[in-house]
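Worksheet for the structure shown next.
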Protein chains: 2
Amino acid sequence: MHFDPSTHPHRRYNPLTGEHVLVSPHRTKRPWLGQVEPPQSSILPSYDPACYLCPGNSRAGGLQNAVYDNTMVFENDFAAVLPPPGPVAPAAPHPLLTTEPVQGACDVLCFHPKHDLTLARLDLVDIEKVIDEWIAVYYKRGAQEGINYVQIFENKGAMMGCSNPHPHGQVWSLSTVPSIPAAELSSLQRYSLSSLPPSDAPKGPKGRPCLLCEYVHFEMGVAESEGRVVVKNDHWVALVPWWAIWPFEVLLLPYRRHIPSIAHLNPSEKASFADIMSRMTKRYDNLFSCSFAYSMGIHQRPVPPQDPHSSPEDDEGNIAHLHLHFTPPLLRSATVRKFLVGFELMAEPQRDLTPEQAAQRLRDCSEVHYLDLKVDGTSDHP
Amino acid sequence: MHFDPSTHPHRRYNPLTGEHVLVSPHRTKRPWLGQVEPPQSSILPSYDPACYLCPGNSRAGGLQNAVYDNTMVFENDFAAVLPPPGPVAPAAPHPLLTTEPVQGACDVLCFHPKHDLTLARLDLVDIEKVIDEWIAVYYKRGAQEGINYVQIFENKGAMMGCSNPHPHGQVWSLSTVPSIPAAELSSLQRYSLSSLPPSDAPKGPKGRPCLLCEYVHFEMGVAESEGRVVVKNDHWVALVPWWAIWPFEVLLLPYRRHIPSIAHLNPSEKASFADIMSRMTKRYDNLFSCSFAYSMGIHQRPVPPQDPHSSPEDDEGNIAHLHLHFTPPLLRSATVRKFLVGFELMAEPQRDLTPEQAAQRLRDCSEVHYLDLKVDGTSDHP
Ligand SMILES: [Zn+2]
Ligand SMILES: [Zn+2]
């Protein structure tokens, strides 16, 4: 019997986390009888007097926002962690019940003063300002005593539990490296020490193989119609990873050289990063003609290099390869979401649509935002 | 500074899966601004002519249900896996892109003919019939050629993407052991080979320590008011595990002896299992006076022993310790759910309410179902 990945159930291995996903491609035609979500409202004012993120408005803690022009950063009034110093760890009452105190800070980062914009609707120059702000926070928090990890992420849409449509993300800085990036860093470390057939992919520190340099190099060589690449530009590629769990999960990767963090981007790589974010989020909105909900996060060096002039070869942290994950919940329309429940909570993540089919759907989307289309289908945008 | 687990942010380690959870107990007071869910409708007919699980009705595949009295099992018309034989694995196009074909079967198991009942509303004798049916399916599928794992689970509530309120669960039988139980089995294996201070907890095969026998033994010894135990009976205990991710996550564990699977339960342990399920699900419904949504799953030996007369000592699979996970999404009312998003998808699960606080809330709930209360607050139930 011939194996057909778009027909036969199979598992795919995620070499970044060491987990599997069960793929059931024959099942994409089953009827949908489940819950539908309220559609995301797409008509918003550009300023909302009740929004705690709009310029000049008051926040929960009583503080007032600046009348900001580009981006704005402030500490979350309900932070998940508190600044150091913290108490010492108590003795475990049993070896199976261990406690590790965590310190840190939670910042909120507004992407733009206008309440009704999103990454998909921002100009490239404004997305570059967001990246600059991410780099600034990464440097600032990463240099603080006791901070060993900085997580930049965005949670977008009511479907993702996000209470405010104003374009913003978060940065959580912690004394510990969290489980998922820790697993990814271990995998990158293990891969760099493995003996593999030589390839012409870029290499990581000390000329050793990098899991993500190898992976993205392979994906760029697959014929588009059979592959997982959605869109690429001079330095970055957006693809649906081989091991994707979410229906339209996407990974953004720099493919030309090994880049440990956003602090290592040169100006052209940074402009290219803004471009790929813009093009990918426009495609997402166009997929179901809605403001597409997602969680997004950057994985990179846990903190930036202390000495920016140190040789990248000398620094163990440079084993990291900068990448950005998009994990959107929508499945088949603007109102039908995927639930991670049942078998997936108890046994293993599972998907019906194959990553190759998802990539094809996203490749078929326009890069002109649906809200910018005139009624006759043309656009004023370049 | 004195460490207070109900005030200071900390991480707890899950020795079953090897993952951590970030606990932010100081944050339970933050205001809720997010999405609210439609309340679960609680007034249902006992027979619904449109339900594909009610006795005598037709299913999607055109087949007709028997007019069943207790439980009913049938193969899912849209199974996530297909029966063997399957095609052989294709060669990986790159070592990072591996494919493993999966075969198996997906069964649906109706708990009761009445459309409007749930485990919380079933009599004990009917819950025992559900357990008997689980045991029968576990034996039947586990004995089939090529089946190496049987996952019993229930997904309850529209909030969990479950399209039909008729009381039912599922059983997925697979040629591979999925990621989560595989991780648990590795942890149990590792623990059994470790050298630990002696305790008077029950022991696993060959007199070696069992992670879950040790854990539940420790929890039973903690003073109730500081502990995580919700309710216990002759053989079983329900507790909020030290490492719980979901606000009201619960683990059901047999605590008197090491029990590898539901096939190993004696009649008294089985009756006790039905009792603890009934008491726990009643408390869940009473917590927010609603039909409480959850995913629930049984972890145990991957398949039952082929030879029921083999010595339990000889059988490596008996390293497993039977337990049942409840993972409910509700957070603070019948309409506010927890979302696993943002930081949690990108970095690490996080919770605000501590497991000890959750256990206290569940201990405070009545075991008389709120729908059985008379208007004056009394009950006809024993
Ligand atoms: Zn706003
Ligand atoms: Zn029914």
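The values are calculated or read from the model by the stated rules, or taken from the named source; none is laboratory data. Values in this document were obtained by computation on a predicted structure and should not be read as measured data. Ideal geometry is used to build each Cβ from the backbone, glycine not excepted, and the neighbour counts take in all protein chains shown. Side chains are part of the model used for accessible areas, which takes the heavy atoms of the whole protein and leaves out ligands, DNA and RNA. Shrake-Rupley method; radii C 1.70, N 1.55, O 1.52, S 1.80 Å.
Compute the Cα gyration tensor for segment B:195-310, then decide on rounded, prolate or oblate, letting a ≥ b ≥ c be the square roots of its eigenvalues: rounded whenever a/c is under 1.5, prolate when a/b is larger than b/c in the other cases, and oblate in all that remain.
Oblate, since a/c reaches 1.5 and b/c is not below a/b.
Expressed as a rounded percentage, what relative contact order does chain B have, with Cα pairs under 8 Å and six or more residues apart?
20
Which Cys residues of the protein assembly as shown have no other Cys Cβ less than 4.7 Å away and so no disulfide-compatible partner by this rule?
For the protein assembly as shown, the answer is A:Cys106, A:Cys110, A:Cys162, A:Cys290, A:Cys365, B:Cys106, B:Cys110, B:Cys162, B:Cys290, B:Cys365, because their Cβ atoms have no other cysteine Cβ under 4.7 Å.
Relative contact order for segment A:82-134 using alpha-carbon pairs under 8 Å, separation at least 6, rounded to a whole percent?
29 percent.
How much mean residue ellipticity at 222 nm does chain B get from its helices, if each DSSP H run of length 4 or more adds -39500 (n - 2.57) and you divide by all residues, to the nearest 500 deg cm²/dmol?
When only DSSP H runs of four or more count, the value is -6500 deg cm²/dmol.
Quantify, in whole percent, the carbon and sulfur part of the accessible surface of segment B:203-372 (1.4 Å probe; protein heavy atoms only).
For segment B:203-372, the apolar C and S fraction of the accessible surface comes to 51 percent.
What ³J(HN,Hα) values, in whole Hz, does the Karplus curve 6.51 cos²θ - 1.76 cosθ + 1.60 give for segment A:126-141 when θ = phi - 60°, with x put for Gly and Pro?
Along segment A:126-141, the couplings run 6, 5, 4, 5, 5, 4, 4, 5, 4, 5, 5, 5, 4, 5, 4, 5 Hz.
Among B:His2, B:Thr335, A:Pro198, whose Cα sits farthest toward the positive end of the charge dipole of the protein assembly as shown (+1 at Cβ of Lys/Arg, -1 at Cβ of Asp/Glu, about the Cα centre)?
Value: B:Thr335.
Using a 1.4 angstrom probe with every protein chain in place, what is the largest-first accessible-area order of B:Glu249, A:Glu367, A:Glu224?
Largest accessible area first, the residues go A:Glu224, A:Glu367, B:Glu249.
Which order do you get for A:Leu82, B:Leu212 if you rank them by accessible area with a 1.4 Å probe, largest at the top?
Highest to lowest solvent-accessible surface, that is A:Leu82, B:Leu212.
Could you tell me whether segment B:124-180 comes out rounded, prolate or oblate from its Cα gyration tensor? Rule is a ≥ b ≥ c as square roots of the eigenvalues, rounded for a/c under 1.5, then prolate if a/b exceeds b/c, otherwise oblate.
oblate
So how much accessible area does B:Met1 have, in Å² to the nearest 10, using a 1.4 Å probe?
140
Where a ≥ b ≥ c are the square roots of the eigenvalues of the C-alpha gyration tensor, would you call the protein assembly as shown rounded, which needs a/c under 1.5, or, failing that, prolate if a/b is larger than b/c, or oblate?
In terms of gyration-tensor shape, rounded.
With a 1.4 Å probe and all protein chains left in place, how much of the accessible area of segment A:1-140 comes from carbon and sulfur atoms, in whole percent?
57
Of all DSSP beta bridges in the protein assembly as shown, what percent run antiparallel (nearest 5)?
95
As I understand it, the dipole of chain A uses +1 on the Cβ of Lys and Arg and -1 on the Cβ of Asp and Glu, about the Cα centre. Which of A:Pro83, A:Pro101, A:Val125 lies farthest toward its positive end?
Result: A:Pro101.
Under the convention of a label 7 Å out along Cα→Cβ, give the distances in nm from A:Phe78 to the same position in every other copy, shortest first.
Nearest first, the other copies' label points are 3.5 nm away.
Please turn the phi angles of segment B:347-360 into ³J(HN,Hα) values with the Karplus equation 6.51 cos²θ - 1.76 cosθ + 1.60 (θ = phi - 60°), one per residue in order, whole Hz, x for glycine and proline.
9, 5, x, 9, 9, 9, 4, 7, x, 5, 5, 5, 4, 4
Which of the GluC sites (Glu not before Pro) across segment B:134-219 are loop residues per DSSP, with 12 or fewer other Cβ within 10 Å?
Here the sparse-neighbourhood loop sites are B:Glu145.
Can you give the accessible area of A:Tyr47, probe radius 1.4 Å, in Å² rounded to 10?
110
List the lysines whose Cα lies under 29 Å from the Cα of A:Lys338, skipping any in the same chain that are fewer than 8 positions away.
The reachable lysines, counting only those whose Cα sits under 29 Å from A:Lys338, are A:Lys29, A:Lys156, A:Lys232, A:Lys282, B:Lys114, B:Lys156, B:Lys282, B:Lys338.
Charges at C-beta only: +1 for Lys and Arg, -1 for Asp and Glu. How large is the resulting dipole of segment B:203-372 about its Cα centre, in Debye rounded to 20?
Here the size comes out at about 220 debye.
How large is the dipole of the protein assembly as shown about the Cα centre if only Lys and Arg carry +1 and Asp and Glu carry -1, each at its Cβ, rounded to the nearest 20 debye?
Charge dipole, the protein assembly as shown, about its Cα centre: 140 debye, nearest 20.
Charges only on Cβ, +1 for Lys and Arg, -1 for Asp and Glu: so what's the dipole of segment A:184-239 about the Cα centre, in debye to the nearest 20?
Charge dipole, segment A:184-239, about its Cα centre: 320 debye, nearest 20.
Percent relative contact order of segment A:109-199, based on C-alpha pairs within less than 8 angstrom and at least six residues apart?
32
Counting only heavy atoms of protein chains, what accessible area per residue, in Å², does segment A:203-372 have with a probe of 1.4 Å?
Value for segment A:203-372: 31 Å² per residue.
Put B:Val250, B:Val73 in order of accessible area, largest first, 1.4 Å probe: what do you get?
B:Val73, B:Val250
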